[in-house]
Amino acid sequence: MLYSVRMRADDGQRHICGAEGIFHEKEIHKIQSEYLSKALTHTRGKAKNINFTIEELPVVPIMIKSLPVCTCGEDARNTIINLLKALKCSNDAIYSAIEIIYNQNDLRGAAIIDSNSGLRLDNNKSRGLRAVRFGLTEYASNRLDENIRTFGLVNTRAKEGLQIASKISSCPDVLAELCVSDNPDYTTGYVASNKYGYVRIPNIKEYNSDCGGRVIFTKSKIDNIKKYLEDTIVLINEISDFKGNVSINEIIGSFNS
Ligand code: PML
Ligand code: MG
């Protein structure tokens with residue numbers, strides 16, 4: 001039997017952290033204690049409320065492949081803007097996303113932005129929409145660990161980031177996602193899309209800043225996205241290729257030639 005295990009922690013006022021996955025019954029104890037340690041030792045501060053949701057999956061999950069991964073070490077702001085422009089997000093949409101990510105420090109889920117008008121479609125400023133009910137098969141989890149080791153990435157961060165980005169991009173209404181970790185000591189973020197994959201961007205924010213969050217760019221109505229992100233159960237059963245450092249021109253150029 002498979003279970004969705006989710007944790008969310010706050011300090012009474014501000015979001016501290018969350019974690020999530022799909023696991024066999026025999027793994028739940030171990031995972032719950034890992035999530036508890038994460039909440040109690042987080043660099044955003046001391047958790048005062050820690051909530052767990054553990055539920056048996058009511059239906060068989062949709063199986064997907066993770067996004068391909070690369071890293072672009074060029075100027076972070078230019079990389080974000082160039083990738084999002086190449087994905088046909090308007091300037092208004094790109095600048096509203098940057099404003100949300102860099103000027104807000106309490107966004108728990110993802111802000112949803114119309115990729116043309118740049119208007120924010122979800123109506124709860126600090127909540128956003130949280131993508132939940134996703135995980136990895138044991139095979140995919142081991143393959144992902146191997147790749148993360150080979151490419152010298154930070155295991156927990158990249159592992160969580162790639163899973164959530166792969167679920168979000170598998171939603172047919174999503175054009176792109178921009179993510180900056182809200183952890184003050186983690187300064188690598190990404191732009192994810194079906195077209196260009198999961199492009200990791202180092203130095204995306206200042207060290208010690210607790211800004212961050214996720215913005216999802218869409219062309220459709222909020223309802224379609226909300227249902228998919230919150231309710232559809234997605235399990236990653238295959239891991240796509242990993243690459244090392246790739247230039248922005250190679251990323252964008254290889255699709256336009
Ligand atoms: C987070 O901490 O919530 C976001 C993780 C971003 C991961 C970027 C990476 O691949 O290293
Ligand atoms: Mg975080």
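Annotations for the structure displayed:
- Flag if LEU40 is away from ligand 1 (no atom under 16 Å from the Cβ), over 26 Å from SER170 (Cα atoms) and either surrounded by 12 or more Cβ atoms within 10 Å (Cβ to Cβ) or of a type in the set (Asp, Glu) (or both): yes
- Filter pass, VAL199 being assigned to a strand (DSSP E or B), over 15 Å from ALA158 (Cβ atoms) and either of a type outside the set (Ser, Thr, Tyr) or modelled with pLDDT of 95 or more (or both): no
- Scanning region 215-257 for residues that are over 27 Å from LEU119 (Cβ atoms) and assigned to a loop (DSSP other than H, G, I, E, B) turns up ILE233, ILE239, SER240, ASP241, VAL246, SER247, SER257.
- Of the residues making up region 171-183, those that are within 14 Å of ligand 1 (Cβ to nearest atom) and either out of contact with any Lys or Arg (no Cβ under 7 Å at 6 or more places or on another chain) or in a strand (DSSP E or B) (or both) are GLU177, LEU178, CYS179, VAL180.
- Residues in region 220-248 that are at pLDDT below 95 and more than 19 Å from the chain's Cα centre (by Cα): SER220, LYS221, ASP223.
- If the condition is being in contact (Cβ under 8 Å) with a residue 60 or more places away in the chain, within 23 Å of ASP92 (Cβ to Cβ) and open to solvent by 30 Å² or more (accessible area, probe 1.4 Å), then region 164-223 contributes LEU175, ASN194, LYS195, ARG214, LYS219, LYS221, ILE222.
- Set side by side, the residues LYS125, LYS159, LYS167 differ, and just one is within 16 Å of ligand 2 (Cβ to nearest atom) and of a type in the set (D, E, K, R), which is LYS159.
- One residue stands out in region 6-37 among those that are open to solvent by 60 Å² or more (accessible area, probe 1.4 Å) and touching a Phe, Trp or Tyr at 6+ places or on another chain (Cβ under 7 Å): the one that is farthest from LEU129 (Cα to Cα), namely GLU25.
- Remark: ARG6 matches the filter, which requires a residue to be within 24 Å of LYS159 (Cβ to Cβ), within 16 Å of ligand 1 (Cβ to nearest atom) and not β-branched (Val, Ile, Thr).
- Index of the failed condition, GLN32 passing every other in (1) touching a strand residue (DSSP E or B) at 6+ places or on another chain (Cβ under 7 Å); (2) at pLDDT 95 or above; (3) under 20 Å from LEU175 (Cβ atoms): (3)
- The residues in region 129-161 that are more than 27 Å from ILE100 (Cα to Cα), assigned to a loop (DSSP other than H, G, I, E, B), in contact (Cβ under 8 Å) with a residue 60 or more places away in the chain and within 15 Å of ligand 1 (Cβ to nearest atom) can be counted, and the count is 1.
The values are calculated or read from the model by the stated rules, or taken from the named source; none is laboratory data. All values derive from a computational prediction rather than experimental measurement. Note that we place each Cβ from the backbone using ideal geometry, even for glycine, and neighbour counts take in every protein chain shown. The area values use the complete protein model at the heavy-atom level, side chains included, leaving out ligands, DNA and RNA. Shrake-Rupley method; radii C 1.70, N 1.55, O 1.52, S 1.80 Å.
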